[in-house]
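The values are calculated or read from the model by the stated rules, or taken from the named source; none is laboratory data. Model, not experiment: these values are computed from the prediction. No Cβ is skipped: glycine too gets one built from the backbone with ideal geometry, and neighbour counts run over all protein chains shown. Protein only, heavy atoms only, side chains kept; ligands, DNA and RNA dropped before computing areas. Shrake-Rupley method; radii C 1.70, N 1.55, O 1.52, S 1.80 Å.
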Amino acid sequence: MGRSGGIRYGPRPIDLDILFYGKYQIGSDILTVPHERIWERPFVMAPLMDLLGLVIDSDTVACWHSLSTDSDGLFGLWDKLGGESLIGKEGMKRVLPIRNHLWEWSKKTSVMGILNLTPDSFSDGGKFVSMQNAVSHVRSMISEGADIIDIGAQSTRPMASRISAEEELDRLIPVLEAVLEMPEMEEKLVSVDTFYSDVASEAVKKGAHLVNDVSAGQLDPNMLKMVASLDVPYIAMHMRGDPTTMQSRDNLQYSDVCSQVASELFSRVKDAELSGVPAWRIILDPGIGFSKKTEHNLDILTGLPVIRSEIAKRSLAASHAPLLIGPSRKRFLGEICNRPAAGERDPATIASVTAGIFGGANIVRVHNVRDNVDAVKVCDAMLKERSIQL
(Lines give C-alpha, C1' and ligand atoms only; values in the text may rest on other atoms or scores of the structure.)
Protein backbone atom coordinates (compact mmCIF):
# COMPACT_ATOMS: atom_id res chain seq x y z
CA MET A 1 0.00 0.00 0.00
CA GLY A 2 3.02 2.23 -0.25
CA ARG A 3 3.89 2.50 3.42
CA SER A 4 7.63 2.87 3.98
CA GLY A 5 9.70 2.50 7.12
CA GLY A 6 9.46 5.19 9.76
CA ILE A 7 9.38 5.87 13.47
CA ARG A 8 7.70 3.02 15.33
CA TYR A 9 4.47 4.26 16.96
CA GLY A 10 4.99 7.56 15.10
CA PRO A 11 2.88 9.23 12.40
CA ARG A 12 2.34 7.13 9.31
CA PRO A 13 0.14 7.33 6.19
CA ILE A 14 -1.78 4.15 7.08
CA ASP A 15 -1.93 1.86 10.08
CA LEU A 16 -3.56 -1.57 10.00
CA ASP A 17 -3.97 -3.35 13.33
CA ILE A 18 -5.08 -6.99 13.46
CA LEU A 19 -7.06 -7.39 16.66
CA PHE A 20 -7.87 -11.11 16.34
CA TYR A 21 -7.35 -13.73 13.67
CA GLY A 22 -9.67 -16.67 14.26
CA LYS A 23 -8.42 -18.64 17.25
CA TYR A 24 -4.75 -18.04 16.43
CA GLN A 25 -2.08 -16.46 18.58
CA ILE A 26 0.79 -15.05 16.53
CA GLY A 27 4.03 -13.65 17.89
CA SER A 28 6.93 -12.36 15.78
CA ASP A 29 9.21 -9.35 15.49
CA ILE A 30 6.75 -7.58 13.20
CA LEU A 31 3.33 -8.96 14.19
CA THR A 32 1.53 -9.84 17.39
CA VAL A 33 -2.03 -11.22 17.38
CA PRO A 34 -4.13 -10.55 19.42
CA HIS A 35 -2.94 -6.96 19.15
CA GLU A 36 -1.00 -6.34 22.36
CA ARG A 37 -2.57 -2.96 23.15
CA ILE A 38 -6.25 -3.74 22.56
CA TRP A 39 -6.88 -3.90 26.27
CA GLU A 40 -5.78 -0.33 27.04
CA ARG A 41 -7.48 1.47 24.14
CA PRO A 42 -11.14 2.44 24.61
CA PHE A 43 -11.31 3.60 20.98
CA VAL A 44 -10.50 0.02 19.94
CA MET A 45 -12.60 -1.75 22.56
CA ALA A 46 -15.77 0.29 21.88
CA PRO A 47 -16.28 -0.79 18.24
CA LEU A 48 -15.02 -4.29 19.07
CA MET A 49 -17.75 -4.64 21.71
CA ASP A 50 -20.35 -3.47 19.22
CA LEU A 51 -19.34 -6.34 16.92
CA LEU A 52 -20.15 -8.85 19.64
CA GLY A 53 -23.32 -10.01 21.34
CA LEU A 54 -23.73 -10.66 25.05
CA VAL A 55 -24.31 -14.36 24.31
CA ILE A 56 -21.08 -16.13 23.38
CA ASP A 57 -22.38 -18.24 20.51
CA SER A 58 -19.21 -19.51 18.81
CA ASP A 59 -15.93 -21.12 19.75
CA THR A 60 -14.02 -18.33 18.05
CA VAL A 61 -15.65 -15.59 20.12
CA ALA A 62 -15.19 -17.69 23.26
CA CYS A 63 -11.48 -17.86 22.37
CA TRP A 64 -11.29 -14.07 22.03
CA HIS A 65 -12.74 -13.69 25.52
CA SER A 66 -10.23 -16.21 26.91
CA LEU A 67 -7.33 -14.31 25.33
CA SER A 68 -8.24 -11.06 27.08
CA THR A 69 -6.35 -9.92 30.15
CA ASP A 70 -9.45 -10.00 32.36
CA SER A 71 -10.94 -13.05 34.07
CA ASP A 72 -14.41 -11.88 32.99
CA GLY A 73 -13.36 -11.73 29.36
CA LEU A 74 -13.81 -8.81 27.01
CA PHE A 75 -16.96 -7.65 28.79
CA GLY A 76 -15.18 -7.36 32.12
CA LEU A 77 -12.30 -5.50 30.51
CA TRP A 78 -14.65 -3.08 28.77
CA ASP A 79 -16.47 -2.37 32.05
CA LYS A 80 -13.18 -1.65 33.83
CA LEU A 81 -12.19 0.82 31.10
CA GLY A 82 -15.47 2.65 31.70
CA GLY A 83 -17.86 0.81 29.40
CA GLU A 84 -20.84 2.68 27.97
CA SER A 85 -20.04 5.72 30.11
CA LEU A 86 -17.16 6.43 27.69
CA ILE A 87 -19.49 6.93 24.72
CA GLY A 88 -19.79 10.64 24.10
CA LYS A 89 -16.34 11.27 25.57
CA GLU A 90 -12.85 11.27 24.07
CA GLY A 91 -14.34 11.78 20.61
CA MET A 92 -16.27 8.49 20.67
CA LYS A 93 -19.83 8.89 19.42
CA ARG A 94 -22.46 6.67 17.87
CA VAL A 95 -23.36 8.30 14.58
CA LEU A 96 -25.34 7.54 11.43
CA PRO A 97 -24.01 8.54 8.00
CA ILE A 98 -26.64 10.64 6.23
CA ARG A 99 -26.40 13.13 3.39
CA ASN A 100 -22.81 14.42 3.56
CA HIS A 101 -22.31 14.29 7.30
CA LEU A 102 -22.50 12.09 10.37
CA TRP A 103 -25.75 12.47 12.30
CA GLU A 104 -25.16 12.31 16.05
CA TRP A 105 -28.67 11.06 16.71
CA SER A 106 -28.30 10.48 20.45
CA LYS A 107 -27.72 14.17 21.31
CA LYS A 108 -31.44 14.90 21.33
CA THR A 109 -34.74 13.22 20.50
CA SER A 110 -35.71 13.90 16.89
CA VAL A 111 -39.29 14.62 15.85
CA MET A 112 -40.53 13.11 12.59
CA GLY A 113 -43.58 14.86 11.17
CA ILE A 114 -46.05 12.79 9.14
CA LEU A 115 -47.24 13.80 5.68
CA ASN A 116 -49.83 11.38 4.29
CA LEU A 117 -50.62 11.83 0.60
CA THR A 118 -53.31 9.16 0.80
CA PRO A 119 -57.09 9.48 0.58
CA ASP A 120 -57.62 6.68 3.12
CA SER A 121 -55.13 7.02 6.01
CA PHE A 122 -56.73 6.48 9.42
CA SER A 123 -56.01 9.96 10.83
CA ASP A 124 -55.77 12.50 8.04
CA GLY A 125 -56.69 10.68 4.85
CA GLY A 126 -57.54 13.08 2.03
CA LYS A 127 -56.34 16.25 3.77
CA PHE A 128 -53.05 16.61 1.92
CA VAL A 129 -53.63 15.06 -1.50
CA SER A 130 -53.37 18.45 -3.21
CA MET A 131 -49.92 19.93 -3.81
CA GLN A 132 -50.83 23.21 -2.11
CA ASN A 133 -52.12 21.56 1.05
CA ALA A 134 -49.17 19.16 1.24
CA VAL A 135 -46.52 21.89 0.90
CA SER A 136 -48.37 24.14 3.33
CA HIS A 137 -48.51 21.34 5.90
CA VAL A 138 -44.79 20.63 5.56
CA ARG A 139 -44.03 24.33 6.01
CA SER A 140 -46.16 24.32 9.15
CA MET A 141 -44.47 21.23 10.60
CA ILE A 142 -41.01 22.67 9.94
CA SER A 143 -41.93 25.95 11.63
CA GLU A 144 -43.18 23.97 14.63
CA GLY A 145 -39.84 22.19 15.01
CA ALA A 146 -39.91 18.96 12.99
CA ASP A 147 -36.47 17.50 12.26
CA ILE A 148 -37.63 14.94 9.68
CA ILE A 149 -40.58 14.88 7.29
CA ASP A 150 -41.89 11.38 6.57
CA ILE A 151 -43.82 11.29 3.29
CA GLY A 152 -46.11 8.36 2.56
CA ALA A 153 -48.29 7.79 -0.49
CA GLN A 154 -49.69 4.37 0.46
CA SER A 155 -51.94 3.72 3.44
CA THR A 156 -50.81 0.97 5.82
CA ARG A 157 -53.77 1.18 8.20
CA PRO A 158 -55.44 -2.18 9.02
CA MET A 159 -57.27 -3.64 5.99
CA ALA A 160 -55.95 -0.91 3.66
CA SER A 161 -56.09 -1.81 -0.04
CA ARG A 162 -52.68 -2.00 -1.68
CA ILE A 163 -51.96 0.27 -4.63
CA SER A 164 -49.26 -0.35 -7.24
CA ALA A 165 -45.77 1.13 -7.13
CA GLU A 166 -46.65 3.19 -10.19
CA GLU A 167 -49.68 4.79 -8.52
CA GLU A 168 -47.68 5.40 -5.35
CA LEU A 169 -44.97 7.15 -7.37
CA ASP A 170 -47.55 9.30 -9.15
CA ARG A 171 -48.76 10.57 -5.78
CA LEU A 172 -45.33 10.86 -4.19
CA ILE A 173 -42.78 12.29 -6.62
CA PRO A 174 -44.36 15.69 -7.45
CA VAL A 175 -44.82 16.49 -3.76
CA LEU A 176 -41.37 15.16 -2.83
CA GLU A 177 -39.74 17.37 -5.44
CA ALA A 178 -41.69 20.42 -4.23
CA VAL A 179 -40.84 19.76 -0.59
CA LEU A 180 -37.12 19.33 -1.29
CA GLU A 181 -37.07 22.67 -3.10
CA MET A 182 -38.45 24.54 -0.08
CA PRO A 183 -35.81 26.82 1.52
CA GLU A 184 -37.06 25.75 4.96
CA MET A 185 -35.86 22.19 4.28
CA GLU A 186 -32.18 23.20 4.13
CA GLU A 187 -31.13 21.50 7.38
CA LYS A 188 -33.99 18.99 7.55
CA LEU A 189 -34.29 15.36 6.50
CA VAL A 190 -36.91 13.69 4.32
CA SER A 191 -37.85 10.02 4.61
CA VAL A 192 -40.06 8.11 2.21
CA ASP A 193 -42.56 5.71 3.79
CA THR A 194 -42.80 2.77 1.38
CA PHE A 195 -42.43 -0.99 1.16
CA TYR A 196 -41.78 -0.97 -2.59
CA SER A 197 -38.15 -1.07 -3.75
CA ASP A 198 -38.93 0.83 -6.96
CA VAL A 199 -40.55 3.65 -4.98
CA ALA A 200 -37.60 3.78 -2.57
CA SER A 201 -35.15 3.91 -5.46
CA GLU A 202 -36.92 6.69 -7.33
CA ALA A 203 -37.49 8.74 -4.16
CA VAL A 204 -33.81 8.57 -3.16
CA LYS A 205 -32.77 9.52 -6.70
CA LYS A 206 -34.99 12.59 -6.35
CA GLY A 207 -33.34 13.50 -3.02
CA ALA A 208 -35.02 11.62 -0.15
CA HIS A 209 -32.56 10.91 2.66
CA LEU A 210 -34.03 7.83 4.39
CA VAL A 211 -36.23 4.84 3.54
CA ASN A 212 -38.95 3.95 6.06
CA ASP A 213 -40.26 0.42 5.44
CA VAL A 214 -43.13 -0.88 7.60
CA SER A 215 -42.38 -4.42 6.43
CA ALA A 216 -38.60 -4.44 6.99
CA GLY A 217 -38.16 -5.97 3.56
CA GLN A 218 -40.87 -8.64 3.79
CA LEU A 219 -43.32 -7.22 1.22
CA ASP A 220 -40.85 -6.73 -1.63
CA PRO A 221 -38.06 -9.28 -2.16
CA ASN A 222 -35.92 -6.62 -3.82
CA MET A 223 -36.15 -4.00 -1.07
CA LEU A 224 -33.11 -4.93 1.01
CA LYS A 225 -30.77 -5.21 -1.98
CA MET A 226 -32.12 -1.93 -3.28
CA VAL A 227 -31.55 -0.12 0.02
CA ALA A 228 -28.02 -1.50 0.15
CA SER A 229 -27.32 -0.03 -3.29
CA LEU A 230 -28.88 3.32 -2.38
CA ASP A 231 -26.50 3.78 0.57
CA VAL A 232 -29.07 5.56 2.78
CA PRO A 233 -30.37 4.90 6.31
CA TYR A 234 -33.09 2.26 6.53
CA ILE A 235 -35.90 2.21 9.08
CA ALA A 236 -36.87 -1.43 9.66
CA MET A 237 -40.22 -1.85 11.40
CA HIS A 238 -41.69 -4.93 13.05
CA MET A 239 -44.89 -6.24 11.49
CA ARG A 240 -46.34 -9.66 10.92
CA GLY A 241 -48.13 -10.26 7.63
CA ASP A 242 -49.28 -7.21 5.69
CA PRO A 243 -51.85 -4.45 6.38
CA THR A 244 -54.72 -6.77 5.40
CA THR A 245 -53.61 -9.63 7.68
CA MET A 246 -51.54 -7.99 10.44
CA GLN A 247 -54.45 -7.90 12.91
CA SER A 248 -55.48 -11.52 12.29
CA ARG A 249 -55.75 -13.89 15.23
CA ASP A 250 -52.55 -15.74 14.33
CA ASN A 251 -50.51 -12.54 13.94
CA LEU A 252 -51.65 -11.28 17.35
CA GLN A 253 -50.35 -14.28 19.27
CA TYR A 254 -47.48 -13.45 21.66
CA SER A 255 -46.27 -15.16 24.81
CA ASP A 256 -43.78 -12.35 25.54
CA VAL A 257 -44.30 -9.48 23.14
CA CYS A 258 -41.08 -7.56 23.86
CA SER A 259 -38.89 -10.63 23.58
CA GLN A 260 -40.60 -11.85 20.42
CA VAL A 261 -40.62 -8.44 18.74
CA ALA A 262 -36.90 -8.14 19.54
CA SER A 263 -36.17 -11.58 18.09
CA GLU A 264 -38.22 -11.05 14.93
CA LEU A 265 -36.85 -7.54 14.41
CA PHE A 266 -33.29 -8.78 14.82
CA SER A 267 -33.96 -11.43 12.15
CA ARG A 268 -34.93 -8.60 9.80
CA VAL A 269 -31.72 -6.76 10.71
CA LYS A 270 -29.64 -9.84 9.92
CA ASP A 271 -31.43 -10.22 6.57
CA ALA A 272 -30.66 -6.58 5.83
CA GLU A 273 -27.00 -7.01 6.75
CA LEU A 274 -26.69 -10.13 4.59
CA SER A 275 -28.16 -8.10 1.73
CA GLY A 276 -25.50 -5.43 2.15
CA VAL A 277 -27.15 -2.90 4.47
CA PRO A 278 -24.58 -2.16 7.20
CA ALA A 279 -25.77 -2.13 10.81
CA TRP A 280 -24.74 1.49 11.22
CA ARG A 281 -27.36 2.55 8.65
CA ILE A 282 -30.30 0.76 10.33
CA ILE A 283 -32.95 2.39 12.53
CA LEU A 284 -35.28 0.09 14.48
CA ASP A 285 -39.04 0.52 14.94
CA PRO A 286 -40.95 -1.99 17.14
CA GLY A 287 -44.12 -1.34 15.13
CA ILE A 288 -46.62 0.04 17.64
CA GLY A 289 -50.11 -0.61 16.26
CA PHE A 290 -48.93 -3.15 13.69
CA SER A 291 -49.80 -6.77 14.55
CA LYS A 292 -50.40 -5.66 18.14
CA LYS A 293 -53.33 -5.53 20.58
CA THR A 294 -53.73 -2.65 23.04
CA GLU A 295 -51.90 -4.54 25.79
CA HIS A 296 -49.04 -5.36 23.41
CA ASN A 297 -48.60 -1.69 22.48
CA LEU A 298 -48.49 -0.72 26.16
CA ASP A 299 -45.96 -3.45 26.91
CA ILE A 300 -43.74 -2.20 24.09
CA LEU A 301 -43.96 1.45 25.18
CA THR A 302 -42.87 0.52 28.69
CA GLY A 303 -40.52 -2.24 27.55
CA LEU A 304 -38.18 -0.55 25.08
CA PRO A 305 -35.17 -1.29 27.35
CA VAL A 306 -36.19 -4.97 27.32
CA ILE A 307 -36.25 -4.96 23.52
CA ARG A 308 -32.77 -3.46 23.43
CA SER A 309 -31.44 -5.94 26.00
CA GLU A 310 -32.91 -8.91 24.11
CA ILE A 311 -31.31 -7.74 20.86
CA ALA A 312 -28.02 -7.18 22.73
CA LYS A 313 -27.79 -10.93 23.37
CA ARG A 314 -27.26 -11.35 19.64
CA SER A 315 -25.62 -8.06 18.65
CA LEU A 316 -24.57 -5.12 20.78
CA ALA A 317 -24.34 -2.98 17.65
CA ALA A 318 -27.98 -3.65 16.71
CA SER A 319 -29.09 -3.02 20.29
CA HIS A 320 -27.47 0.42 20.14
CA ALA A 321 -29.22 1.39 16.89
CA PRO A 322 -31.49 4.47 16.89
CA LEU A 323 -34.98 3.52 18.05
CA LEU A 324 -38.07 5.05 16.45
CA ILE A 325 -41.60 4.84 17.86
CA GLY A 326 -44.86 5.80 16.18
CA PRO A 327 -47.81 5.70 18.61
CA SER A 328 -49.36 8.87 17.18
CA ARG A 329 -53.17 8.85 17.23
CA LYS A 330 -53.25 5.04 17.06
CA ARG A 331 -56.45 3.12 17.77
CA PHE A 332 -55.23 1.71 21.09
CA LEU A 333 -55.05 5.26 22.47
CA GLY A 334 -58.65 5.81 21.43
CA GLU A 335 -59.68 2.60 23.15
CA ILE A 336 -57.98 3.57 26.40
CA CYS A 337 -59.23 7.17 26.43
CA ASN A 338 -62.60 6.61 24.76
CA ARG A 339 -61.63 8.87 21.85
CA PRO A 340 -63.10 7.36 18.67
CA ALA A 341 -61.92 10.29 16.51
CA ALA A 342 -58.20 10.05 15.71
CA GLY A 343 -57.75 13.82 15.85
CA GLU A 344 -58.77 13.82 19.53
CA ARG A 345 -55.90 11.54 20.57
CA ASP A 346 -53.06 14.08 20.66
CA PRO A 347 -52.88 14.33 24.49
CA ALA A 348 -52.72 10.52 24.67
CA THR A 349 -50.03 10.59 21.98
CA ILE A 350 -47.95 12.98 24.09
CA ALA A 351 -48.21 10.63 27.06
CA SER A 352 -47.07 7.71 24.90
CA VAL A 353 -44.20 9.68 23.39
CA THR A 354 -43.06 10.72 26.86
CA ALA A 355 -43.03 7.13 28.07
CA GLY A 356 -41.13 6.08 24.96
CA ILE A 357 -38.45 8.74 25.33
CA PHE A 358 -37.85 7.79 28.95
CA GLY A 359 -37.54 4.19 27.74
CA GLY A 360 -34.84 5.10 25.22
CA ALA A 361 -36.62 6.15 22.00
CA ASN A 362 -34.50 8.44 19.82
CA ILE A 363 -37.04 9.41 17.13
CA VAL A 364 -40.78 9.98 17.55
CA ARG A 365 -43.10 9.93 14.53
CA VAL A 366 -46.13 12.17 15.08
CA HIS A 367 -49.00 14.00 13.40
CA ASN A 368 -49.18 16.97 15.79
CA VAL A 369 -45.64 18.36 15.64
CA ARG A 370 -46.04 21.49 17.77
CA ASP A 371 -47.29 19.85 20.97
CA ASN A 372 -44.99 16.84 20.68
CA VAL A 373 -41.93 19.05 20.11
CA ASP A 374 -42.68 20.71 23.45
CA ALA A 375 -43.05 17.32 25.12
CA VAL A 376 -39.76 16.15 23.60
CA LYS A 377 -37.93 19.26 24.82
CA VAL A 378 -39.14 18.71 28.38
CA CYS A 379 -38.21 15.01 28.29
CA ASP A 380 -34.76 15.76 26.91
CA ALA A 381 -34.20 18.44 29.56
CA MET A 382 -35.16 15.99 32.30
CA LEU A 383 -32.87 13.29 30.90
CA LYS A 384 -30.00 15.77 30.62
CA GLU A 385 -30.49 16.87 34.23
CA ARG A 386 -30.56 13.25 35.39
CA SER A 387 -27.32 12.48 33.52
CA ILE A 388 -25.62 15.48 35.16
CA GLN A 389 -26.66 14.27 38.61
CA LEU A 390 -25.33 10.78 37.87
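Summary table below
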item: Mean residue ellipticity (222 nm) of the chain, computed from DSSP H runs ≥ 4 via -39,500 (n - 2.57), nearest 500; result: -12000 deg cm²/dmol
item: The range 1-92: C-alpha gyration tensor shape, a/c 1.5 cut-off, then a/b vs b/c; result: oblate
item: The range 246-390: C-alpha gyration tensor shape, a/c 1.5 cut-off, then a/b vs b/c; result: oblate
item: Whole-Hz ³J(HN,Hα) from phi, Karplus 6.51 cos²θ - 1.76 cosθ + 1.60, for the range 71-85, glycine and proline x; result: 5, 8, x, 4, 5, x, 5, 4, 5, 5, 6, x, x, 4, 5
item: The chain - accessible surface per residue (Å², probe 1.4 Å); result: 48
item: Degrees separating the helix 42-51 axis from the principal Cα axis of the chain, which is the longest one; result: 60
item: Sequence-distant aspartates and glutamates (8 or more away, or on other chains) whose Cα lies within less than 15 Å of K108; result: D147, D374, D380, E385
item: Carbon and sulfur %, accessible surface of the range 95-389 computed with the full protein complex present, 1.4 Å; result: 49
item: Crossing angle, helix 165-180 versus the chain [Cα axis fit, 0-90 degrees, rounded to tens]; result: 80
item: By average C-beta atoms within 10 angstrom, highest first, the peptides 89-98, 183-192; result: 183-192, 89-98
item: Which of W280, W105, W64 is most accessible, then next, and so on - probe 1.4 Å; result: W280, W64, W105
item: Net charge over other residues, Cβ less than 11 angstrom from the Cβ of L102 (K, R count +1; D, E count -1); result: +2
item: Percent antiparallel among DSSP beta bridges (both partners in the range 94-174, rounded to 5); result: 40
item: The range 1-92 - percent of accessible surface contributed by carbon and sulfur, probe 1.4 Å; result: 55
item: Anisotropy class of the chain from Cα gyration tensor, a/c 1.5 cut; result: prolate
item: Heavy-atom accessible area ranking, 1.4 Å probe, most first, across I87, I336, I300; result: I336, I87, I300
item: Rounded to 5, the percent of DSSP beta bridges in the chain classed as antiparallel; result: 20
item: Computed accessible area, L169, all protein chains, 1.4 angstrom probe, square angstrom; result: 40
item: Within-10-Å neighbourhood charge of A216 [Cβ basis; K, R +1; D, E -1]; result: -3
item: Packing-based ranking, highest mean first, of 366-372, 48-54 given that Cβ atoms within 10 Å are counted; result: 366-372, 48-54
